[in-house]
Amino acid sequence: MSDLSSRAHILDGIGAALEARGSSPGERQAGVASRLAAPPPPIILDRAPADRAGRAEYFCARAEETSATTDRIDAFQDLPGAIAAYLGRRNRTGPIKAQPRAPFTDLNWAPLEVAFGPGEDGDGIGLVLADGAAAETGTLFLMSGRSAPTALNFLPETLIAVLPLADLAGDYEGAWALLRDTSGNQFPPRTVNWITGPSRSADIEQRVLMGVHGPRDLHIILVDGDGGS
Amino acid sequence: MTLLARNFSANARAALGDTQLQEALQRLRGGFVEGRRRVVAKLPEFDALRDRAAEIRSHTIAHLDQYLVQFEERARLAGGQVHWCRDADDARATILEICQAAGARLVTKGKSMIGEEIALNNYLEANGIEPVETDLGEYIIQLRREMPSHIIAPATHLSKEQVADSFRRHHRNLDPARPLDEPAALLAEARTLLRQKFLAADVGITGANFLIAETGTSVIVTNEGNGDLSQILPRVHIVIASLEKVVPSLDDAATLLRVLARSATGQEISAYTTFSTGPKRGADMDGPDAYHVILLDNGRTGILAGENSEILGCIRCGACLNHCPVYGAIGGHAYGSVYPGPMGSVLTPALTGLSGAHHLPQASSLCGMCEEVCPVRLPLPKMLRNLRFEAAETGAPGGLARILVRLWAFAARRPWLYRFGTGMALAWLAALGRKKGYLRSLPGLGAWTRSRDFPAPEGRSFMHQWKTGRRS
């Protein structure tokens, strides 16, 4: 069984192999400490523009390449109208399951039918708030939490994700930094989902098809301004 | 690990004659190889990222014990349980014990090569637990009771007709007359059936693309979202990972993710990259109550002590398979190992010993394409050569190959004999092919000339022409 003796056996084996390559435990400890103290500088990609407008545009272009759709609104108050318009274009009706968190809980949704809660089988449309995003590949970052059920990111056929522009970073490292700031000592949460486009598979004859197990459609609504009213 | 590598020659011959397989291999080249070329062209920093990715992997392997202990400590702080397992038996027993303690009848699985390596499904079945693969490709080969033929596209060797046939045979309660001609219909059927499995599962098992020491986090990369549903919905999440999956930090993982999908499927990034740390927190709305990580050795410490320890840096993108002319000609099953292609030809003998797998390092033209495309710059040809040396020292391959190489070596050390021999051979071949300029068949080399012609030599060797002054 995997008990303490297995642990010791494996670590001794690794230690002996590395020792034979001329590295002592002390050197290995020092090597790890020095890399932690001074990690190699990140390789900065010459991709997303630094200004907010250019970055948003870059994000949308990358997301659309993965078959996501995007929309821009000025403030959260415009969300119900923008979502109604999107669903209308798609001929989609039916209730929306939203994360039970602001701004969703503060908005007047009528005539849309919105319920708040965890994701369940049969949810047709999900509505979630992204906690961050990276423009470099059009990727959303979502954290699990008391008002952010992870299953809601995967069970609905259509997922609508709302992204305040203030939470859009240029690259992955920038998005991680944002998430760390938001969560303080709760970081990392149980789950962080990076989501880039709808669910897909090319497992049958290399043909790309959408909506294998997760959403067939991913619609991202960017909220300009500072995320508020 | 089941090993059928000793049948390599027969397997390869059968694969070359299999037209359906040859079509599938052609599609693979069009999809993954072309996709990689496109996204790499769009990223001028790709080579700099590969250098960094290689540095991250070699640094981690050189400090493996430190990072594993750090990972364990952080995972435990987050409420996870870490199990160190020496071999497949150890890992399977540990997983079964966790499943039984949870009263599990049904287990959903994300795609995991470690699961294949330890043949977990058979073991769970034998112990009364139903394992269901949820990656579409893995699900298909599970129905067909086959091994994956590719480390990231396990069912790439199959046609849609073969998949439809398997679905009809196994999904007995559906209308037998339903149309399954289009991949979309196959996918919709699998989605509906597997959704019910996700919802009913007691335990979810996933692999790990990376383990992050800094935070005690496991990472999975999928396009379907199946790994996520496998790990969110059941009460227990078990991660199975081999020792070398660990990396130092979240930022290091970001660098590796930048080269992983680009090298694998030709995507800039896969649809879903998921970072999991411990079980659900107190107030979380969903997530598993328990989180276990199996750290599997199964021969890795032995590899670390050997001369091919660089293979531990592999991030399983599959680029070396996609670009290998040998893999491209015979597909994955011919290798007879869970891990096919160039990385598999190095990893398999290292895990199972060379005796049953000595054909694998020969299954390469050493053209260097695998090293050329490797996102972490593994010296795969060098490692294959190391294994050839080792095989020669231990007496495999034997027989005729050894005698011929000895003869060649004898002549090569005696220039007069070598020149005499090549001169005779050239004159003879030139005489044989004088009329056409090429040779349809060569005595004793029928296998070689069966599929191609041999150009007839001019009749004089380079050395002869040099000596006689014809230097232009």
**residue A:48 closer than 26 Å to residue A:195 by Cβ, surrounded by 18 or more Cβ atoms within 10 Å (Cβ to Cβ) and aliphatic (A, V, I, L, M)** = yes
Being small (Gly, Ala, Ser) and under 30 Å from residue B:141 (Cβ atoms), is that true of even one residue in the stretch B:56-72? no
Among the residues of the stretch B:41-55, the number that are crowded, with 18+ Cβ neighbours inside 10 Å, facing chain A (nearest Cβ under 7 Å) and of a type outside the set (A, V, I, L, M) is 1
For the stretch B:358-375 the number of residues that are over 22 Å from residue B:317 (Cβ atoms) and either open to solvent by less than 50 Å² (accessible area, probe 1.4 Å) or in contact with a strand residue (DSSP E or B) (Cβ under 9 Å, 6 or more places away or on another chain) (or both) is 1
The condition of being in contact (Cβ under 8 Å) with a residue 24 or more places away in the chain and aromatic (Phe, Trp, Tyr) holds, among A:187, A:116, A:154, only for A:154
Considering only helices (runs of 4 or more DSSP H) wholly within the stretch B:376-454, the ones with at least 3 residues that are more than 30 Å from residue B:8 (Cβ to Cβ) and open to solvent by less than 40 Å² (accessible area, probe 1.4 Å) are B:415-432
Reported set for the stretch A:65-102 where residues are charged (D, E, K, R), open to solvent by less than 50 Å² (accessible area, probe 1.4 Å) and either in a loop (DSSP other than H, G, I, E, B) or more than 23 Å from residue A:142 (Cα to Cα) (or both) is A:101
Checking B:119, B:104 in turn, the sole residue that is within 26 Å of residue A:214 (Cα to Cα) and out of contact with any Cys (no Cβ under 8 Å at 6 or more places or on another chain) turns out to be B:104
Flagged in the stretch B:216-266 as small (Gly, Ala, Ser), open to solvent by less than 10 Å² (accessible area, probe 1.4 Å) and within 10 Å of another protein chain (Cβ to nearest Cβ), in numbering order, are B:216, B:225, B:227, B:230, B:253, B:254, B:261
Checked the stretch B:138-194 for anything farther than 30 Å from residue B:329 by Cβ and among the hydroxyl-bearing types (Ser, Thr, Tyr); matches are B:192
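Okay, residues lined up against (1) facing another protein chain (nearest Cβ under 7 Å); (2) touching a strand residue (DSSP E or B) at 6+ places or on another chain (Cβ under 8 Å):
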{"residue": "A:149", "(1), (2)": "yes, no"}
{"residue": "A:167", "(1), (2)": "no, yes"}
{"residue": "A:174", "(1), (2)": "no, yes"}
{"residue": "A:199", "(1), (2)": "yes, yes"}
{"residue": "A:212", "(1), (2)": "yes, yes"}
By residue number, the members of the stretch B:115-140 that are surrounded by fewer than 22 Cβ atoms within 10 Å (Cβ to Cβ) and within 12 Å of chain A (Cβ to nearest Cβ) are none
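Rundown of residues vs (1) buried (at least 22 other Cβ atoms within 10 Å of the Cβ); (2) modelled with pLDDT of 95 or more; (3) within 11 Å of chain A (Cβ to nearest Cβ), yes/no style:
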{"position": "B:3", "(1), (2), (3)": "no, no, no"}
{"position": "B:11", "(1), (2), (3)": "no, no, no"}
{"position": "B:57", "(1), (2), (3)": "yes, yes, no"}
{"position": "B:64", "(1), (2), (3)": "yes, yes, yes"}
{"position": "B:68", "(1), (2), (3)": "yes, yes, yes"}
{"position": "B:85", "(1), (2), (3)": "yes, yes, yes"}
{"position": "B:89", "(1), (2), (3)": "no, yes, yes"}
{"position": "B:102", "(1), (2), (3)": "no, yes, no"}
{"position": "B:113", "(1), (2), (3)": "no, yes, no"}
Every listed condition ((1) in a helix (DSSP H, G or I); (2) at pLDDT 95 or above; (3) of a type outside the set (Phe, Trp, Tyr); (4) closer than 30 Å to residue A:202 by Cα) holds for residue B:30 save (2)
Scanning the stretch A:190-226 residue by residue, the ones that are open to solvent by 10 Å² or more (accessible area, probe 1.4 Å) and farther than 30 Å from residue B:181 by Cβ total 3
Considering residues that are at pLDDT 95 or above and either more than 7 Å from chain B (Cβ to nearest Cβ) or surrounded by fewer than 12 Cβ atoms within 10 Å (Cβ to Cβ) (or both), the number found within the stretch A:1-15 is 2
Q) Looking at this structure, is residue B:169 more than 12 Å from chain A (Cβ to nearest Cβ), closer than 27 Å to residue B:28 by Cα and part of a helix (DSSP H, G or I)? A) yes
**Asked** What about residue B:211, is it open to solvent by less than 10 Å² (accessible area, probe 1.4 Å) and closer than 25 Å to residue B:233 by Cβ?
**Response** yes
Here the residues within the stretch B:70-83 that are open to solvent by 20 Å² or more (accessible area, probe 1.4 Å) and touching a Leu at 6+ places or on another chain (Cβ under 8 Å) are B:83
The one condition residue A:124 fails out of (1) open to solvent by 20 Å² or more (accessible area, probe 1.4 Å); (2) out of contact with any Asp or Glu (no Cβ under 7 Å at 6 or more places or on another chain) is (2)
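The values are calculated or read from the model by the stated rules, or taken from the named source; none is laboratory data. Please read these numbers as outputs of a predicted model, since none were measured by experiment. Positions of Cβ are generated from backbone atoms using ideal geometry, with glycine treated the same way; all protein chains shown enter the neighbour counts. Side chains are part of the model used for accessible areas, which takes the heavy atoms of the whole protein and leaves out ligands, DNA and RNA. Shrake-Rupley method; radii C 1.70, N 1.55, O 1.52, S 1.80 Å.
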